[in-house]
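Notes for the one structure printed next.
The values are calculated or read from the model by the stated rules, or taken from the named source; none is laboratory data. Because the structure is a prediction, the values reported are computed rather than measured. Heads up, the Cβs are rebuilt from the backbone with ideal geometry, glycines too, and the neighbour counts pull from every protein chain shown. Heavy atoms of the whole protein, side chains included, go into the accessibility calculation; ligands, DNA and RNA do not. Shrake-Rupley method; radii C 1.70, N 1.55, O 1.52, S 1.80 Å.
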Amino acid sequence: MIGIYGGTFNPVHYGHLRTALEVKELFELDQLRLIPCRLPPHRDQPDVDGEMRLAMLHLAVADSPGLQVDRRELDRAGPSYMVDTLQALRAENPDTRLILFIGADAFAGLESWHQWQRLFDYAHLVVMTRPAYGLPDMPAFLCQRLCEDRRQLRQQFGGRLFFQAVTGLDISATQIRNLIRAGRDPQFLLPDRVIAYIRQHQLYLSSTQDIECKQNNC
Ligand code: ATP
């Protein structure tokens, strides 16, 4: 069983990492792949380029063997549509159960995702929620896929929807970028190694940094 956890990861933080580890254990995944997007379809291009966001992810999971980093979206031209990512993973793993994990905030906008219904052709969808989260109103397409026991996901390669409560850590990358921009210390919100990388490359000091300038250390 392979889990897929996509995001901008600008930067990766303990909200991502704690939930990734929890679902890896709860769903007894063989792998959980963290997949940074190149061009997010629904928001501005991140002000830190993909290779740097990828490098921070590698630093963050260096001591967590079950968490892997997958660079495929960075290598694909155009917007990073999750349906394309899942289609490619399905082609590579025809006999494997795939689960896409997304946060409740991302799930709220699911119907605006490119070809969102096709996600279920390739994978299950698990929404990571806070404890005691009530089920949202959903279209019939989603209601009929809902299952109440995560063991049911083992019976099919994809196509089901499940809500999983995880530890709620109220951390966002936006908050971290804002703290750094304000000259404040983000320690304990993300791994020290990632903070060291951010400092070394002087990331997030201004809102519209020139990426090439940063890479050249100018
Ligand atoms: P930003 O603040 O820039 O929007 P973010 O912190 O929300 O970033 P993303 O990389 O956009 O992080 O999110 C990737 C995935 O991680 C999404 O599915 C999102 O719902 C989930 N996620 C983000 N923060 C948390 C958190 N604190 N706890 C659980 N899941 C999270």
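Accessible-area rank, largest first, for E111, E51: E111, E51, with all protein chains present and a 1.4 angstrom probe. Stretched out straight at 0.36 nm per residue, the stretch from E92 to H114 would grow longer than its current Cα-Cα span by 5.8 nm. Note on L205 and D63: with the Förster distance fixed at 25 Å, the Cβ-Cβ geometry gives a FRET efficiency of about 0.35. For the chain, set up a Gaussian network in which alpha carbons nearer than 10 Å are linked by springs, and say which option among D75, D84, D44 fluctuates the most. Judging by the Gaussian network model, the answer is D44.
Viscosity 0.890 mPa s, temperature 25 °C: Stokes-Einstein D of the chain from its Kirkwood Cα radius, in µm² per second?
On the way: Rh = 18.0 Å.
The calculation lands on 136 µm²/s.
Listed values for segment 68-75 are Karplus-derived 3J(HN,Hα) couplings in whole Hz (6.51 cos²θ - 1.76 cosθ + 1.60, θ = phi - 60°), namely 10, 10, 10, 9, 4, 5, 5, 8, and x replaces Gly and Pro.
When DSSP beta bridges are restricted to pairs lying wholly in the chain, around 0% turn out antiparallel. Modelled spin-label separation between Q45 and L135, with each label point placed 7 Å from Cα along the Cα-to-Cβ direction: 4.2 nm. Rolling a 1.4 angstrom probe over the chain with all protein chains present gives an accessible area of which 47% lies on carbon and sulfur atoms.
Computed from backbone phi with θ = phi - 60° and the Karplus coefficients 6.51, -1.76 and 1.60, the 3J(HN,Hα) list for segment 43-57 is 8, 5, 4, x, 7, 10, 6, x, 5, 6, 5, 5, 4, 5, 4 Hz; x is used for glycine and proline.
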